[in-house]
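Please read the structure below before turning to the comments.
The values are calculated or read from the model by the stated rules, or taken from the named source; none is laboratory data. Owing to the predicted nature of the structure, the values given are computational and were not obtained by experimental measurement. Positions of Cβ are backbone-derived with ideal geometry, glycine not excepted, and every protein chain shown enters the neighbour counts. The accessibility values were calculated without ligands, DNA or RNA, using every heavy atom of the protein model including side chains. Shrake-Rupley method; radii C 1.70, N 1.55, O 1.52, S 1.80 Å.
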Amino acid sequence: MNNSTDLKQQIMDIAREAGSIMLSAHDIEKTQSEKAGDFNLVTEYDVAVQTFLIKKLKELLPEASFIGEEAGLDSHKPLEDGYTFVIDPIDGTSNFIHGMMISVISICLLKDGKGYIGVVYNPYNGEMFHAEKGKGAFVNDRKISARTDGLEHNLLSFGTSPYHRNEEHYFKGTFETLERLFPKCLDLRRLGSAALDICYIAAGRTGLFFELILQPYDYAAASVIVEEAGGVITDMNGDPIRFDIPVSILAGGPECYREFFET
Ligand code: IPD
Ligand code: CA
Ligand code: CA
C-alpha cells in the first residue's frame with residue numbers, strides 16, 4: 001500500500017486529469033438538464049467527470065466507498081469505518097454552464113468517518129488546493145494559512161443556498177445575515193463554488209464564509225484544507241460539521257469566526 005503522501009499525490013493527479021475533461025467542454029448549455037429541486041442543473045460533463053473519478057479512485061483504493069453528487073451515488077449516508085471518498089465532480093455548475101471559469105473538482109478522502117485528505121482543483125487557473133490531516137495546507141507548492149485579523153480587514157463570501165431558495169427560512173436567513181455582517185466587513189463576494197469559497201478562507205483571500213445549507217460533497221474536501229490552514233469550520237451554530245447529513249457551514253479565520261457570533 002502507498003504511504004499517505006503518495007496517496008494525496010495520486011488523488012491530485014486524478015483531479016488534474018479530470019480537469020482536462022472540464023477544459024475540453026464545448027456546447028455546455030446544450031448538454032444541461034434539470035434535476036429535482038429548484039434551479040438545480042446538471043450537464044453531461046458533471047456526469048462524465050464523476051464517472052471518470054469513480055473509475056480512477058476505485059483503482060487507487062478498491063476498498064473505499066463513495067458519497068457524491070451525481071447519478072448513482074448517495075448524496076449522504078451513515079458513515080462506515082475505513083475509507084470513503086466524498087466527491088463533487090464539478091462544484092460551481094452554474095458558473096461552468098455560463099463560462100465563468102470558476103468551478104472546481106472536489107475530492108475528500110475520509111478515514112473512519114473523519115476528514116483525512118482534501119483536494120480541490122480549479123482547472124481554469126491550475127490552482128490545486130490540498131491538505132492531509134496534520135501536515136498543513138497548500139496551493140500548488142505554497143503553504144497557505146487563514147487570516148488572523150478581524151472582519152473589518154476582510155472580504156466576506158457567502159452562498160445563497162440556491163436549490164432551497166423557495167424555503168423562506170433559507171432565503172431570509174441568508175439576506176438577514178448579510179445585512180448584519182456587511183457593515184462590519186470590507187466587502188462581499190459570491191463566487192458560486194462553496195468548495196472554492198472555503199479554500200479561499202484557507203488561502204487568506206477572504207476572512208469568512210457562510211451558507212445556510214450545503215451537502216457534504218460541497219465542503220468535505222475544503223474542510224480538511226481550511227482546518228490545516230489554521231481556519232475554523234463548523235455549522236452556523238458553532239457545532240462540529242458532519243459528513244453524513246447536509247448542514248449549514250461557517251468557515252473563517254479564527255478572529256473573523258469569533259466576531260460572527262458577536263455581531
Ligand atoms: C453549489 C455551489 C454553490 C452553492 C450551492 C452548491 P454545485 O454546488 O457550491 O456555490 O451556493 O449551494 O450546491 O451545484 O455547483 O455543485
Ligand atoms: Ca457542489
Ligand atoms: Ca456539483
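Screening Ile198 on (1) within 16 Å of ligand 2 (Cβ to nearest atom); (2) open to solvent by 80 Å² or more (accessible area, probe 1.4 Å); (3) among the hydrophobic types (A, V, I, L, M, F, W, C) shows it passes everything except condition (2). Considering only residues that are more than 9 Å from ligand 1 (Cβ to nearest atom) and either touching a Pro at 6+ places or on another chain (Cβ under 8 Å) or at pLDDT 95 or above (or both), which ones fall in the stretch 84-98? Scanning the stretch 84-98 gives Thr84, Phe85, Val86, Ile87. Tell me whether the stretch 114-122 contains one or more residues that are in a loop (DSSP other than H, G, I, E, B) and not assigned by TED's automatic domain parsing to the domain that holds Val232. No, the stretch 114-122 has no match at all.
Beta carbons closer than 8 Å, at least 6 apart along the sequence or on distinct chains, pair a first residue in the stretch 78-97 that is more than 19 Å from Tyr116 (Cα to Cα) with a second that is away from ligand 3 (no atom under 12 Å from the Cβ) and of a type in the set (Gly, Ala, Ser) for Phe96/Ala25.
Mind listing whichever residues of the stretch 32-59 are part of a helix (DSSP H, G or I), touching a strand residue (DSSP E or B) at 6+ places or on another chain (Cβ under 9 Å), touching a residue at least 12 places away in the same chain (Cβ under 8 Å) and not acidic (Asp, Glu)?
Here is the first cut: in the stretch 32-59, the residues part of a helix (DSSP H, G or I) are 44-59.
If we keep only those that are touching a strand residue (DSSP E or B) at 6+ places or on another chain (Cβ under 9 Å) too, we end up with 44-54, 57-58.
Add one more test, that the residue is touching a residue at least 12 places away in the same chain (Cβ under 8 Å), and what stays is 44-50, 52-54, 57.
Correct list: Tyr45, Val47, Ala48, Val49, Gln50, Phe52, Leu53, Ile54, Leu57.
Inspection of the stretch 111-120 finds no residue satisfying the criterion of being touching a Gly at 6+ places or on another chain (Cβ under 9 Å) and either crowded, with 24+ Cβ neighbours inside 10 Å or among the aliphatic types (A, V, I, L, M) (or both). All but one of (1) closer than 27 Å to Met101 by Cβ; (2) under 14 Å from the mean Cα position of the chain (by Cα); (3) surrounded by fewer than 22 Cβ atoms within 10 Å (Cβ to Cβ) hold for Thr234; which doesn't? Answer for Thr234: the failing condition is (1).
Determine if the stretch 136-143 includes at least one residue that is part of a helix (DSSP H, G or I) and at pLDDT 95 or above.
Of the residues in the stretch 136-143, the ones part of a helix (DSSP H, G or I) are none.
Taking every residue of the stretch 136-143 in turn, none turns out to be part of a helix (DSSP H, G or I) and at pLDDT 95 or above.
Being assigned to a strand (DSSP E or B) and open to solvent by 20 Å² or more (accessible area, probe 1.4 Å) is a property that Leu250 lacks.
Considering only the stretch 61-107, state which residues are more than 12 Å from ligand 2 (Cβ to nearest atom), in a strand (DSSP E or B), open to solvent by less than 40 Å² (accessible area, probe 1.4 Å) and not β-branched (Val, Ile, Thr).
Here is the first cut: in the stretch 61-107, the ones more than 12 Å from ligand 2 (Cβ to nearest atom) are 61-67, 71-74, 76-85, 97-102, 107.
Okay, now just the ones that are also in a strand (DSSP E or B), so 65-67, 83-85, 107.
This time we only want the ones that are open to solvent by less than 40 Å² (accessible area, probe 1.4 Å), so: 65-67, 84-85, 107.
The answer is Ser65, Phe66, Phe85.
Hand me the list of strands (runs of 3 or more DSSP E) wholly inside the stretch 153-230 holding 1 or more residues that are more than 16 Å from the chain's Cα centre (by Cα).
On the way: elements: 155-158, 187-189, 208-214.
Those strands (runs of 3 or more DSSP E) span 155-158, 187-189.
Taken over the stretch 120-163, the residue count meeting the criterion of being acidic (Asp, Glu) and within 16 Å of ligand 3 (Cβ to nearest atom) is 0.
On inspection, Leu191 qualifies as at pLDDT 95 or above, under 21 Å from Ala18 (Cβ atoms), open to solvent by 10 Å² or more (accessible area, probe 1.4 Å) and out of contact with any His (no Cβ under 7 Å at 6 or more places or on another chain). Residues in the stretch 253-263 that are open to solvent by less than 60 Å² (accessible area, probe 1.4 Å) and either among the acidic types (Asp, Glu) or in contact with a His (Cβ under 7 Å, 6 or more places away or on another chain) (or both): Glu255, Glu259. Scanning the stretch 40-60 for residues that are open to solvent by 40 Å² or more (accessible area, probe 1.4 Å) and within 13 Å of ligand 2 (Cβ to nearest atom) yields a single hit, Leu41.
Looking at Asp74, Asp81 in this structure, which one is within 16 Å of ligand 1 (Cβ to nearest atom), modelled with pLDDT under 95 and of a type in the set (D, E, K, R)?
Values: Asp81 fails: within 16 Å of ligand 1 (Cβ to nearest atom).
That would be Asp74, the only listed residue that is within 16 Å of ligand 1 (Cβ to nearest atom), modelled with pLDDT under 95 and of a type in the set (D, E, K, R).
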